[in-house]
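Chemist: I have a structure here, written as structure tokens, and I will follow up with some questions on it.
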Amino acid sequence: VSRLSVFVLDDYEAMSRAAADLVCDLVREVPSASMVLATGETPMGLYRELVHRRAAGAFDASSLRTYQLDEYAGVAPSDPRSLFGWMTRSVLEPLGIPPEHVVRLPGGGAPDGALFAYDRELEERGGFDLAVLGIGENGHLGFNEPPSDAGSATSEVELSPETLRANKRYWGDGAPVPNRAITTGMKSLLASRRILLLASGSRKREIVAARCTAP
Ligand code: F6R
């Protein structure tokens, strides 16, 4: 049975605290939960809140298993603009998640077999307990650009002009945003036992309204 709950909170900090409450409750229940964690600006307040709670001894992430949600194709993990680099700085290191509990996506140009292996490993472990997602202004989840097939596998995709435009701010110096990416597929995301979809700011108003009222 699936259930959708929509919470409208006063501001970004309140959203981040409410999201942290949900994550902490889940991890108390299932300390070794499998989570796929978005980057982007939106969940950063949640991650900061979890880091504070960990410092206060109220949150323990040492048994969690985390999965990389998406990555630009052809960008080295050592590039600070890579999503994995961002993930490492904002979540994995500050939360003390052991490297052996981190499942990376294969890089750009990886053979289909490597992408298939990511989905198979996830399936064998029982799928995600939680997907922490943001949403693009055009509705993308991870880098699954709409309209995405609900049964799509983890794959290499082409980014839309809207996504390239929206992500320009992260690249700087007029550097072109890579136009291909690897993304966890919709099938695994939708099969997650819980999905925490975070959205904040007026730029997201239209897409959130559209998604919450869609049949
Ligand atoms: C990032 C990701 C993207 C972002 C989306 C919103 O890992 O998966 O789908 O969640 O582009 O980005 P922000 O939060 O920066 O508005």
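Chemist: Among the residues of segment 81-108, which ones are over 18 Å from GLY142 (Cα atoms) and open to solvent by 20 Å² or more (accessible area, probe 1.4 Å)?
Modeler: ARG89, GLU93, PRO94, GLY96, PRO98, PRO99, GLU100, HIS101
Chemist: Considering segment 162-187 alone, what residues qualify as being within 18 Å of the chain's Cα centre (by Cα) and surrounded by fewer than 22 Cβ atoms within 10 Å (Cβ to Cβ)?
Modeler: Across segment 162-187, the qualifying residues are THR163, LEU164, ALA166, ASN167, TYR170, ARG180, MET186, LYS187.
Chemist: Something else about it: Inside segment 1-76, counting only strands (runs of 3 or more DSSP E) that do not spill past its ends, which hold 1 or more residues that are polar (S, T, N, Q)? Even if it seems obvious, please write down each step before you answer.
Modeler: Values: elements: 34-37, 65-68, 70-72.
Answer list for segment 1-76: 34-37, 65-68.
Chemist: Would you check if there is a residue in segment 182-194 being more than 11 Å from the ligand (Cβ to nearest atom) and modelled with pLDDT under 95?
Modeler: No, segment 182-194 contains no residue that is more than 11 Å from the ligand (Cβ to nearest atom) and modelled with pLDDT under 95.
Chemist: If you don't mind, another one. If GLY201 passes every condition in (1) surrounded by 16 or more Cβ atoms within 10 Å (Cβ to Cβ); (2) within 13 Å of the ligand (Cβ to nearest atom) but one, which one does it miss?
Modeler: With (1) surrounded by 16 or more Cβ atoms within 10 Å (Cβ to Cβ); (2) within 13 Å of the ligand (Cβ to nearest atom) applied to GLY201, the lone miss is (1).
Chemist: Here's something else I'd like to know. Any residue in segment 42-54 that is closer than 23 Å to PRO176 by Cα and either modelled with pLDDT of 95 or more or more than 12 Å from the ligand (Cβ to nearest atom) (or both)?
Modeler: Yes, segment 42-54 has at least one match.
Chemist: Condition (residue is within 16 Å of the ligand (Cβ to nearest atom) and open to solvent by 20 Å² or more (accessible area, probe 1.4 Å)) applied to segment 13-32: is it met by at least one residue?
Modeler: Yes, there is a match, as at least one residue in segment 13-32 is within 16 Å of the ligand (Cβ to nearest atom) and open to solvent by 20 Å² or more (accessible area, probe 1.4 Å).
Chemist: Filter segment 138-161 down to residues that are open to solvent by 40 Å² or more (accessible area, probe 1.4 Å) and modelled with pLDDT of 95 or more and give me whichever is farthest from the ligand (Cβ to nearest atom).
Modeler: GLY151
Chemist: For a quick check of your reading of the model, give me the residue pairs whose first member lies in segment 185-207 and is over 30 Å from GLU123 (Cβ atoms), whose second is among the hydrophobic types (A, V, I, L, M, F, W, C), with beta-carbon atoms closer than 7 Å and at least 6 apart or on different chains.
Modeler: SER200/MET15; LYS204/ILE135
Chemist: Further question on the same structure: So VAL51 fits all but one of (1) under 21 Å from VAL208 (Cα atoms); (2) touching a residue at least 40 places away in the same chain (Cβ under 8 Å); what number is the exception?
Modeler: Status for VAL51: all satisfied but (1).
The values are calculated or read from the model by the stated rules, or taken from the named source; none is laboratory data. Source: prediction; values computed, not measured. So basically every Cβ, Gly included, is an ideal-geometry build from the backbone, and we count neighbours across all protein chains shown. Remember, those area values only see protein heavy atoms, side chains included, never the ligands or the DNA or RNA. Shrake-Rupley method; radii C 1.70, N 1.55, O 1.52, S 1.80 Å.
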